[in-house]
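A short reminder: the numbers here are calculations on the coordinates, not readings from a lab. Given the structure is predicted, the values throughout are model-derived calculations rather than measurements.
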Amino acid sequence: MSLAKSTIEQSFCMVFMSSHFILNLVGGAVTFSFTPSAARDLQSAVDQLMQRLKLVANKAAPGAGKLSPQQSMEYRHTGDVFLEIFCNPNIWPSPFAAKVLITVRDERIRLTTEAELTRLIEDLNQYLENI
């Protein structure tokens, strides 16, 4: 009986994890339904943001020419919940210091907070590996 329960729990966890994105925040985590295609779109937006952050970081190097301001990342996804992720690459000294502003909302609740960009990337990679 214990083995059967364990197998059922593992199956539930695999199904739950494959359709839900766990986003770790500075003081907790939020979990919501997220599709693989939405995750790949977010990954593409984050990759572009990383390139912009690297340009800004290189601008600070001695002898580097003046760089025009880089475009902010404004990712939006509407599914079971509305997800918005925003980051201005011009205010962070490096990609490793960058934080993103996150809003997750539906008709009953709205969560607005910030998260470390590196943590968002780790969570996104873990989600995509498990689908």
Aspartates and glutamates with Cα under 13 Å of residue 66, excluding same-chain neighbours fewer than 8 positions away | none
Mind listing the phi-derived Karplus ³J(HN,Hα) values for the stretch 82-87, rounded to whole Hz, using 6.51, -1.76 and 1.60 with θ = phi - 60°, and x for any glycine or proline?
-> 8, 10, 10, 10, 10, 8
